1. Being in a loop (DSSP other than H, G, I, E, B) and without any contact (Cβ under 8 Å) to a residue 24 or more places away in the chain is the filter here; which residues of the range 91-119 pass it?
2. For R158, state whether it is closer than 24 Å to T246 by Cβ and surrounded by fewer than 23 Cβ atoms within 10 Å (Cβ to Cβ).
3. All but one of (1) aliphatic (A, V, I, L, M); (2) part of a loop (DSSP other than H, G, I, E, B); (3) in contact (Cβ under 8 Å) with a residue 60 or more places away in the chain hold for V122; state the number of the condition that does not hold.
4. Quick check, is L68 closer than 18 Å to L226 by Cβ and either part of a loop (DSSP other than H, G, I, E, B) or not aromatic (F, W, Y) (or both)?
5. Does the range 111-126 hold any residues that are at negative phi and under 13 Å from the mean Cα position of the chain (by Cα), and which are they?
6. Select the strands (runs of 3 or more DSSP E) contained entirely in the range 136-251, then report the ones holding at least 3 residues which are in contact with an Asp or Glu (Cβ under 7 Å, 6 or more places away or on another chain) and modelled with pLDDT of 95 or more.
Amino acid sequence: MDRREALLRELNLYPQWKLRARSARAAQGGAASVPVTAEAIAPAAAAQKMPPDSGSPIAKRQAELDGLGWTEMKRLVRDCTACKLRAGCTQTVFGVGDEKAGWLFVGEGPGADEDAQGEPFVGQAGKLLDNMLMAINLKRGTNVYIANIVKCRPPGNRNPEADEIAACLPYLQRQIELIRPRMIVALGKVASNALLGRDATLASLRGKPHDYRGIPLIVTYHPAYLLRSPMEKAKAWQDLKLAVKTMEGGM
């Protein structure tokens with residue numbers, strides 16, 4: 001049994017978790033090869049900024065962050081006290097990975113393990129996310145960036161509240177401007193609705209590509225939910241295959 005088959009069996013999805021077509025590089029265990037064209041890059045680069053309501057708190061914070069680089073952003077997030085979450089967490093969790101990644105995975109917020117270690121998705125949900133990445137020939141830190149909607153752990157791992165999202169979302173939006181990913185995968189309902197500016201069910205958002213300021217966005221389940229509901233893993237695999245197909249220009 002090779003490593004890939006062992007991985008899929010561990011996810012309880014063998015043989016469903018199998019891509020029908022992969023590049024030669026992917027077949028050798030590398031990242032999935034995605035053709036880069038001017039047509040694919042131009043819309044995302046041109047649409048990185050979308051002028052929001054200039055009077056909203058998010059718009060004001062976006063204006064403050066405009067033009068800042070990674071060093072300044074990391075310092076601001078580290079020292080941020082813009083919402084009540086900072087008082088109850090150990091440290092902020094900025095994000096991790098390739099700062100010029102083609103793939104961006106966005107979750108909801110840090111949990112206890114992430115709060116302790118300062119890195120997103122490091123607990124059991126993180127292990128599952130790493131396996132999901134491996135299943136589509138990706139690897140944490142290599143052409144992949146991982147972040148959350150909010151940078152501080154909500155108490156009791158509750159969902160972040162609207163004012164907390166409003167205070168923190170501009171940080172993620174600036175990160176996206178700096179990374180310029182070619183694909184965003186939103187993990188769970190909170191991340192999906194925050195990025196898309198909607199109040200919709202996960203079921204209604206899954207199964208089709210969305211658009212975040214010119215960047216394709218695919219919605220799937222949060223790994224923590226998949227740990228509680230393993231029968232949904234096959235649906236998550238369909239979402240990941242859709243993301244790969246969209247990246248390859250098949251949608």
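The values are calculated or read from the model by the stated rules, or taken from the named source; none is laboratory data. Keep in mind the model is a prediction, meaning the values are calculated, not measured. Counting neighbours? That spans all protein chains shown, and the Cβs are built from the backbone with ideal geometry, glycine included.
1. Answer for the range 91-119, where residues must be in a loop (DSSP other than H, G, I, E, B) and without any contact (Cβ under 8 Å) to a residue 24 or more places away in the chain: there is none.
2. When the stated conditions are applied, R158 does not pass them.
3. Going through the list (1) aliphatic (A, V, I, L, M); (2) part of a loop (DSSP other than H, G, I, E, B); (3) in contact (Cβ under 8 Å) with a residue 60 or more places away in the chain, V122 breaks only (3).
4. no
5. Passing the criteria: P120, G126.
6. So the answer is 144-148, 215-220.
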